[in-house]
Structures are given as structure tokens and as C-alpha cells.
Amino acid sequence: MKIAALGYYGFGNLGDEAVLAGIRTALTERFPAAQLLVLTADPTATTALHPGVGTVNRWHWKETVRALSGTDLFVFGGGSLLQDVTSARSVLWYVLMALIARRKARRVLWWGQGIGPLSHPLSRKMVRLIAQQADGLTVRDIKSATLLKEIGVTRSIEVVADPAFALDPAAVTKPSGTLVALRRWPGVSPETLARSLSGATALPMHLPDDLEAHGELPCYNWQREGASVAQVLGQVAVAEQVVAMRLHALIFAARCGTPFVALSYDPKVDALARATGQEDALLDAVQATPDSLRAAMALVRESAPKRREQLHAFAQAERTRARRPGELAREWFQ
């Protein structure tokens, strides 16, 4: 069986690589003999981080079209691929790829997609078109499902969990205290926050973009270390707490039962904090100060056992939901 996957892969973003690793884990459970082809911006980096997968450069159109021939299942997602905040051209590119995949693959499955915002009428029309043509639609949150319905999608839509929840952390022997994942954002001075976190270790999720955001903090550079996604998860699992302004750093913490302080820059961060019962550990990233951050960290530290229990229960349920798209695909090929 031949499976192809398209997402934001090969761009140095650990969150998106965790999405791919989670999808691969769930697919391997259902299709152990399947061949997985990844459409990636950097085939060399993808092969290094995900040994055993096939790759094709997503920017080489003719090569990509040839590689998709004979595909049984085309997996689209997850992550936030279909949004026009960055550029309407991004939506157009993914729509064109989805249309090609529809012609080449027997089945097309959207896997834990995060949809929107879709501000432009043309973007909404194009997304509706490819959604109506897919064999299965799964999204990672209710907001995405609601938006698809709002733009006119009439197909059945199932809300599942982020694919990263399907992953297991690798065992590591070097425990860490606080892991910090900051980023650049309008109105935020990550360096100021980083200077207030003496003794913490930086975990840059998007390389090289996030490196300077952490100031002089010692850095766990997963790319330079040659670490797998599971090994990074292992580091999160043994951390005392995580302070993050990256969604997937927070998802990693939730998956591992590690207490966290969430610096909100997007409604999806707020939604995760609410879903995990950690609203009191949520700070607005723009309004956060070193003092408010240290106070939130102290609160989390004092109630860590209860938080770990809450997060482990949440992760167990999400683990099952993260595998649901694989079950749908299995039904098609029984």
C-alpha cells in the first residue's frame, strides 16, 4: 500500500514534524507494511528526522505529480495549512496540491486539520471545493469544524486530536528544570521574558527562527543534537515545567503530563489551556511581564502534582482521538 502525506514538513518547525511523526505512528499501527511518501520542502532533513520514509521535493511539481501516481491514500495535514493570514497564495498552493492528489489517489483524508482564518471570499470558495472532494474530513478543534460548515461544506466532519498526542516520549536520563519555548511576536519582547528565567533551558521549536528569541539562555537545539521528535518529548517529560509561546511546545507538555505556563498569542493556545484545565496558568503574551511570569510559574510549581494528574488524564483521552483518522482509513481498505 502506498500512502502520501502533505503538510508543513521540512521547514525546521518541530511542531509540524511532530504532526508528521504522529500521523506516521497511527498509520503504522493500521498499515504496518505501507510505504509512506512525504511531500517536503527539505527531503534531506525529513529523511534524517523520520528515517524510513520516502520523500519528494514539494516544490518540484513534475517530480511530485509523478511520485503521487499509484497512491492509495493521500493524507492532507494536520496543522494550520488552510489559512490566509500569512498569504492567500498559501491557500492557493495547498488547494492546487489537493486537486492533484484527488486525481492521483484512491482516497483523500484530511488529518486533524486546523482551519482558518479564511478572510478572503476566494480562499473560502477554494477550501470548500477541496473539502467537498475529500473522502474524509477530520479537524483538530470545533472552531475548525464550524468554519468549514460556515463556508458551505456539507460533508461529514469529525473533530479529533492533534496528531502529536499519538506519540510516546523516549526515555532520557538527563532531567531538566524549566524548558522555555519563546517566539517573535508583535508587541512581545521575548528577550525580556527570557532574562527573567535564570536557570531555564531554551527549546526553540522553529529553527532557526526562534533562536534569538531566547536571549542568553542555554539552548537545547534538537536539530543540531540530531534528536528525534520522541527524544524531544522525552526531555519535556522529565522537565519540572514548560513555559511556552508555541502551541506544540504546550501540546508536548500536555502529552507528557508536564505542568506548563502558556503565553497566549492565538485563540488556539487559550483553547488548549481551557481544555486541559490550566486557565490559571495562561498569560496574555503581549501583557506578560517578568513579574507576572514568575508568579505564574510559582503557582504552577506549588500545584504541580494536581496538574500532572489532570494533564495525564487529558493526554490519555487525546491519545485515542489522535488515532481516529487511522481507523477511518483502515475501514476504507479492509
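Among the candidates ILE142, ILE100, the residue that is of a type in the set (Val, Ile, Thr), touching a residue at least 24 places away in the same chain (Cβ under 8 Å) and either surrounded by fewer than 19 Cβ atoms within 10 Å (Cβ to Cβ) or farther than 30 Å from GLN223 by Cα (or both) is uniquely ILE100. When the range 194-203 is filtered for residues that are more than 24 Å from the chain's Cα centre (by Cα), in contact (Cβ under 8 Å) with a residue 12 or more places away in the chain and open to solvent by 10 Å² or more (accessible area, probe 1.4 Å), the ones remaining, listed by number, are ARG195, SER196, GLY199.
The set of residues from the range 106-118 being among the aliphatic types (A, V, I, L, M) and either surrounded by fewer than 21 Cβ atoms within 10 Å (Cβ to Cβ) or closer than 20 Å to ARG324 by Cβ (or both) comprises VAL108, LEU109, ILE115.
Scan the range 118-135 and tell me whether some residue there is in a helix (DSSP H, G or I) and touching an Asp or Glu at 6+ places or on another chain (Cβ under 7 Å).
Yes, the range 118-135 contains at least one residue that is in a helix (DSSP H, G or I) and touching an Asp or Glu at 6+ places or on another chain (Cβ under 7 Å).
Could you identify the single residue in ALA239, ALA254 that is surrounded by 21 or more Cβ atoms within 10 Å (Cβ to Cβ), closer than 25 Å to ARG308 by Cα, modelled with pLDDT of 95 or more and within 14 Å of the chain's Cα centre (by Cα)? Just one listed residue meets the conditions, ALA254.
Taking ARG183 as meeting all but one of (1) among the basic types (Lys, Arg); (2) closer than 23 Å to ILE100 by Cβ; (3) under 16 Å from the mean Cα position of the chain (by Cα), write down the number of the exception. Exception for ARG183: condition (2). Of all residues in the range 253-267, which are farther than 18 Å from ASP280 by Cβ and part of a loop (DSSP other than H, G, I, E, B)? Matches in the range 253-267: TYR265, ASP266.
Any chance the range 277-291 includes a residue that's hydroxyl-bearing (Ser, Thr, Tyr), farther than 30 Å from SER189 by Cβ and open to solvent by 30 Å² or more (accessible area, probe 1.4 Å)? The answer is no, given that none of the residues of the range 277-291 is hydroxyl-bearing (Ser, Thr, Tyr), farther than 30 Å from SER189 by Cβ and open to solvent by 30 Å² or more (accessible area, probe 1.4 Å). Pairing residues of the range 258-272 that are under 21 Å from GLY187 (Cβ atoms) and at pLDDT 95 or above with residues that are assigned to a helix (DSSP H, G or I) and of a type in the set (Asp, Glu), at Cβ distances under 7 Å and at least 6 apart in sequence or on separate chains, gives SER264/ASP270.
Got a sec? Which strands (runs of 3 or more DSSP E) wholly within the range 1-77 have at least 3 residues that are within 23 Å of ARG321 (Cα to Cα)?
Details: elements: 2-6, 35-40, 54-57.
In the range 1-77, the matching strands (runs of 3 or more DSSP E) lie at 2-6.
All conditions in (1) open to solvent by less than 30 Å² (accessible area, probe 1.4 Å); (2) in contact with a strand residue (DSSP E or B) (Cβ under 8 Å, 6 or more places away or on another chain); (3) hydrophobic (A, V, I, L, M, F, W, C); (4) free of Cβ contacts under 8 Å to residues at least 40 places away in the same chain hold for ALA181, with the sole exception of (4).
The lone criterion from (1) open to solvent by 20 Å² or more (accessible area, probe 1.4 Å); (2) over 27 Å from ALA304 (Cα atoms); (3) modelled with pLDDT of 95 or more; (4) not hydroxyl-bearing (Ser, Thr, Tyr) left unmet by ASP168 is number (2). From the list VAL85, VAL19, VAL65, the lone residue that is surrounded by fewer than 20 Cβ atoms within 10 Å (Cβ to Cβ), aliphatic (A, V, I, L, M) and touching a Pro at 6+ places or on another chain (Cβ under 6 Å) is VAL85.
Without any contact (Cβ under 8 Å) to a residue 24 or more places away in the chain, within 23 Å of GLN235 (Cβ to Cβ) and either outside any helix (DSSP H, G or I) or open to solvent by less than 30 Å² (accessible area, probe 1.4 Å) (or both): does that describe ALA296? In short, no.
The values are calculated or read from the model by the stated rules, or taken from the named source; none is laboratory data. Bear in mind that the values here come from a model prediction, so they are computed numbers and not experimental data. Virtual Cβ from ideal backbone geometry, glycine too; neighbours counted across all protein chains shown. Note: areas computed on protein heavy atoms with side chains; ligands, DNA, RNA excluded. Shrake-Rupley method; radii C 1.70, N 1.55, O 1.52, S 1.80 Å.
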